[in-house]
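Chemist: My questions will all concern the structure given below.
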Amino acid sequence: MFDLTLEYILLIIAASVIAGIIGSMAGLGGGVLIVPFLSLYFRVPISLAIGASIISVIATSSGSASAYVRDKISNIRVGTFLVLFTTSGAILGAFLERIAPRNIIFLTFGIVLLISVLPLIRKIGQVVPENVKNDTISEKLSLNSHFHSAELDREVEYNVTGTKSGSAMMLVAGVLSGLLGIGSGVFKVIAMDTFMKLPIKVSTTTSNFMIGMTAAASAGIYFFNGDVNPFIAAPVATGVLIGAIVGSRLLLKTKSSTIRVLFGVIIVVVAVEMLLNGVGIRV
Amino acid sequence: MNLSSRVLSYYLIWSVLVSLTIIVIGTVEYLVTGSSGYVNLSLTQLLKAGGLSTTAFPHYIYTIITGMLEFKSFAIIQFGVLLLILSPIGRIFLQILIYAKERDRSFTVIAAVVFLILLASLYLSKFIS
């Protein structure tokens with residue numbers, strides 16, 4: 001009996017370490033991996049699995065952001081500005097939860113995600129987008145920045161465009177995180193990569209910086225509702241934090257094209273999860 | 001590296017380490033004593049325990065604090081988890097101070113609005129649930 005308890009805890013920690021590594025590198029919270037793992041393998045009810053996933057998101061964010069902020073890869077100004085929209089979206093999403101047709105939303109965004117893989121794949125091999133000009137908002141808020149690229153072995157300057165469409169997309173990402181509990185990190189990275197033309201590593205690490213705050217906006221609801229079970233949350237938080245710290249070290253040495261492929265694969269996984277949910281198969 | 005990102009980076013790593021330490025202490029206590037401090041459940045039941053009226057673990061600030069004072073392992077874990085949840089709110093508060101010190105007016109306002117939104121979400125969570 002006692003051994004089984006330890007075995008369960010170690011299993012959840014192991015799965016969470018993997019979720020933390022992948023999440024911290026791809027710019028998402030690992031909920032896409034944690035939720036199906038808990039609900040399929042351990043038969044954890046979906047509300048508790050989502051509660052654990054919210055903890056996983058915050059742990060990934062805080063665990064990896066410390067390294068990304070120190071190494072100045074994540075763009076804190078872009079992140080803080082966009083968090084305005086994701087957090088307000090998250091509150092809106094939590095309110096909409098009772099009336100929204102979840103199946104239709106799952107199906108719609110599953111399809112949207114599948115389509116959004118295309119521009120991402122087209123850009124494989126690209127480290128820094130070229131010929132990007134600052135738009136009015138990013139000029140005014142000085143959102144453009146630079147980071148040290150290990151693979152190019154030089155300091156890389158980049159501009160920020162499409163702030164308006166990016167912000168609108170962030171509002172949608174926030175609503176999704178409050179409404180569905182998954183997929184918010186994925187849409188953040190897509191918005192920064194496709195609309196705002198940020199380098200992929202800046203997009204994923206800035207998303208990591210942001211997801212913790214977006215999740216915090218809905219975490220209280222799950223926690224005070226009793227959907228955060230300590231027997232599950234403790235190993236998830238422990239494993240994800242370890243994974244995120246490891247992953248944030250790995251990211252610096254990883255090629256941009258590898259990050260892009262990893263992210264592309266994750267998008268397909270999330271899309272499939274959403275489509276399955278849409279047709280009534282809960283994973 | 002400038003001062004503000006160093007301060008922010010320190011905050012991030014320390015907030016993580018503190019909550020992680022508390023969670024690990026609670027988990028070790030649970031494993032060693034075999035007691036959650038709350039109603040005794042089988043493993044299968046424990047993995048399904050949750051919801052507003054659950055007696056398997058505390059999920060309000062008051063019950064968590066009183067449980068901690070009695071060294072209940074699940075109350076200790078929940079306290080660490082709650083700190084983890086609150087850490088992004090502390091992070092944005094720290095950013096307000098940093099931007100204000102740098103005399104960056106627009107970002108002081110942006111960070112302050114985000115902070116208020118997060119506080120509002122905590123407050124609203126009572127009504128949404």
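Chemist: On the first, second and third principal axes, largest extent first, how far apart are the outermost C-alpha atoms of region A:42-189 in Å?
Modeler: The Cα atoms of region A:42-189 stretch 49, 31, 30 Å along the principal axes, largest first.
Chemist: Please average, across the residues of B:108-117, the number of beta carbons from any other chain that are within 10 Å of each residue's own beta carbon, and give a whole number. Write out the running numbers ahead of the final one.
Modeler: Values: counts 0, 0, 7, 4, 0, 4, 11, 2, 1, 11.
That works out to 4 on average.
Chemist: Which angle between 0 and 90 degrees, to the nearest 10, do you get for helix B:3-33 versus the longest principal axis of chain B when only C-alpha atoms count?
Modeler: Once rounded, the angle reads 0 degrees.
Chemist: If you don't mind, there's one more thing I want to ask. When N counts the residues of region B:46-105, how does its alpha-carbon radius of gyration compare numerically with 2.2 N^0.38 Å, as a ratio? If you can, show how the numbers build up before the last one.
Modeler: Values: Rg = 16.8 Å, N = 60, 2.2 N^0.38 = 10.4 Å.
For region B:46-105, the normalised Cα radius of gyration comes out at 1.61.
Chemist: Something else: If you take each beta carbon of peptide A:3-10 and count the beta carbons of other chains within 10 angstrom, what is the mean?
Modeler: Working: counts 0, 1, 5, 1, 1, 3, 3, 0.
Mean shielding by partner chains, rounded to a whole number: 2.
Chemist: What FRET efficiency do you get for A:Asp153 and B:Leu17 if R0 is 35 Å and r is their Cβ-Cβ distance, rounded to the nearest 0.05? Write down the numbers at each step before the final one.
Modeler: On the way: r = 32 Å, r/R0 = 0.92.
My answer for the efficiency is 0.65.
Chemist: Against the longest principal axis of chain A, how steep is helix A:230-253, in degrees 0 to 90 to the nearest 10, with axes from Cα atoms?
Modeler: That helix lies at roughly 20 degrees to the long axis.
Chemist: According to a simple spin-label model (label point 7 Å from Cα along Cα-to-Cβ), what is the distance in nm between A:Ala168 and A:Ser142?
Modeler: 3.0 nm
Chemist: Calculate the radius of gyration of the Cα atoms of chain B to one decimal place, then report Dmax, the largest Cα-Cα distance, as a whole number, both in Å.
Modeler: 18.4, 57
Chemist: OK, next. For the protein assembly as shown, what does the helix formula give at 222 nm: sum of -39500 (n - 2.57) over DSSP H segments with n ≥ 4, over the residue count, nearest 500 deg cm²/dmol?
Modeler: Details: 16 runs with 296 residues, N = 412.
Value at 222 nm, helices only, nearest 500: -24500 deg cm²/dmol.
Chemist: Next up: Using only Cα atoms, figure out Rg for the protein assembly as shown and give it as a multiple of 2.2 N^0.38 Å. If you can, show how the numbers build up before the last one.
Modeler: On the way: Rg = 20.1 Å, N = 412, 2.2 N^0.38 = 21.7 Å.
That works out to 0.93 for the protein assembly as shown.
Chemist: For A:Leu28, what residues show an amide H to amide H distance below 5 Å, using hydrogens built from the backbone and excluding near sequence neighbours?
Modeler: The list, which skips near neighbours in sequence, is empty: none.
Chemist: Same structure, new question: What angle do you read, to the nearest 10 degrees and between 0 and 90, between the alpha-carbon axis of helix A:46-70 and the longest principal axis of chain A?
Modeler: The answer is roughly 40 degrees.
Chemist: Another question about this same structure. Which residues in region A:229-255 place their backbone N less than 20 Å from a point set 7 Å from the Cα of B:Tyr60 along the Cα-to-Cβ direction?
Modeler: A:229-230
Chemist: Rounded to whole Hz and in sequence order, give me ³J(HN,Hα) for region A:257-271 from the Karplus expression 6.51 cos²θ - 1.76 cosθ + 1.60, θ = phi - 60°, writing x for Gly and Pro.
Modeler: Per residue, the Karplus-derived 3J(HN,Hα) values read 5, 5, 4, 4, 5, 4, 5, x, 4, 4, 4, 4, 4, 4, 4 Hz.
Chemist: Turning to a different aspect of this structure: At 37 °C and 0.692 mPa s, grab the translational diffusion coefficient of region A:146-255 from Stokes-Einstein with a Kirkwood Rh over Cα pairs, rounded to a whole number in µm² per second.
Modeler: Working: Rh = 15.7 Å.
For the chosen part, D equals 209 µm²/s.
Chemist: So, R0 is 22 Å and r is the distance between the beta-carbons of B:Leu116 and A:Phe95; what FRET efficiency does that work out to, to 0.05? Display every interim value, and only then the final one.
Modeler: On the way: r = 17 Å, r/R0 = 0.78.
Approximately 0.80, to the nearest 0.05.
Chemist: Name the residue from B:Ile25, B:Val7, B:Leu69 whose Cα lies farthest towards the positive end of the charge dipole of chain B, charges +1 on Cβ of Lys and Arg and -1 on Cβ of Asp and Glu.
Modeler: B:Val7
Chemist: At what distance in angstrom do the alpha carbon centres of region B:42-99 and region A:1-66 lie from each other?
Modeler: 17 Å
Chemist: Please order A:His146, B:His59 by the number of other Cβ within 10 Å, starting at the fewest.
Modeler: Numbers: A:His146 13, B:His59 24.
Arranged by neighbour count, lowest to highest, A:His146, B:His59 become A:His146, B:His59.
Chemist: If you don't mind, another one. Assign unit charges at the C-beta atoms only (+1 for Lys and Arg, -1 for Asp and Glu), then state the dipole size of the protein assembly as shown relative to its Cα centre in Debye, rounded to the nearest 20.
Modeler: Working: 28 positive and 18 negative charges, 134 e Å.
Charge dipole, the protein assembly as shown, about its Cα centre: 640 debye, nearest 20.
We did not get these values from a lab; they are worked out from the coordinates using the rules stated. Source: prediction; values computed, not measured. Neighbour counts are summed over all protein chains in view; Cβ atoms, including those assigned to glycine, are modelled from backbone coordinates with ideal geometry.
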